[in-house]
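Chemist: Below are the C-alpha cells for one structure; questions will follow.
Just so it is clear, none of the values below were taken in a lab; they were calculated from the coordinates. All of these numbers come straight from a predicted model, not from anything done at the bench. FYI the Cβ positions are ideal-geometry reconstructions off the backbone, even for glycines, and counts take in every protein chain you see.
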Amino acid sequence: MHFYIHIPFCESKCNYCAFTSLKKNDYEKAYFKALKEDIIFQLKQFNIQSNQIKTLFIGGGTPSCVDAYNYEDIFKILYPLLDKNVEISCEANPNSATLNWLKNMKNLGVNRISFGAQSFHPKKLHFLGRIHNQEMIIKALENANKVGFKNINLDLIYDTKLDNKKMLEFELLHLKQIKALITHLSAYNL
C-alpha cells in the first residue's frame, strides 16, 4: 500500500497551483485532529496490518510551513504499519524548511525530502508566485544534507512564458552548482 497525507496549508498561493490549499492561519490544530481521526478510520476500513505501507508521501500545500511536532501523533499511528524499507517522502519549500524543521522531520522518520524550488531565476520565481529566492534554495539543500538526508529531490518548472534558451542556460548553470546537494531532479511542464 502507498499512503498519501495532504497538508493544505501554504504561506502564500502560487500562481500556477491548482491543489487544495489554504493560507496558513489557526486551522492547524483542528486539521491535524481531523486528519488523525480520518487516518484511523481509513486504516480500519482497509484493514491495514503491520508492514503493509511501502511508501508514505506527505504533500500539499506546504508540509514545511507546519511545525514538525504536528506530525508526531500521525507517525505514532503509522509506525507499526510501515514496511521496514519504507520510503517516507515529504515536500518542503526552501523558505520554510528550516534546519530545525528538517532535523525534526528526519527524527520522525522522513527519509526523502523534496524541495519545490521551481526555478533559480528571480523573475521566474516572481512570475510563479514563489516567495523564496536562490539563496534560500541553496541554504535549504545544505541544511538537508547537514541533518543527514540521503535522498533529496529538487522540483523545477519549465515551459513558462519566460522560458527561452537563455533561461534554460541559467537554470542549468545553477543546477550544475548544486548537483552535489541533490540526488534527484523532477522537472514539470507548466
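Chemist: Which lysines have a Cα lying under 29 Å from the Cα of Lys166, excluding residues fewer than 8 positions away in the same chain?
Modeler: The qualifying lysines are Lys13, Lys123, Lys124, Lys139, Lys176, Lys179.
Chemist: Return the equivalent ellipsoid semi-axes of the range 38-184 as a descending list in whole Å, where each equals the square root of 5 times an eigenvalue of the C-alpha gyration tensor.
Modeler: 32, 15, 14
Chemist: Give me the net charge for the shell around Phe170: Cβ to Cβ below 14 angstrom, other residues only, Lys and Arg +1, Asp and Glu -1.
Modeler: +2
Chemist: Separate question: If I measure Cβ to Cβ between cysteines in the chain, which ones have no partner under 4.7 Å?
Modeler: For the chain, the answer is Cys10, Cys65, Cys90, because their Cβ atoms have no other cysteine Cβ under 4.7 Å.
Chemist: Assigning unit charges at the beta carbon (Lys, Arg +1; Asp, Glu -1) and nothing else, what dipole magnitude in debye, to the nearest 20, does the chain show about its Cα centre?
Modeler: With only Lys, Arg, Asp and Glu charged at Cβ, the dipole is about 280 debye.
Chemist: Cα axis of helix 99-108 to longest principal axis of the chain: angle in degrees, 0 to 90, nearest 10?
Modeler: Its long axis makes an angle of about 30 degrees.
Chemist: Let me ask something additional. What number, in percent, do you get for the relative contact order of the chain if the mean sequence gap of Cα pairs under 8 Å and at least 6 apart is divided by its residue count?
Modeler: Reported as a whole number, the value is 20 percent.
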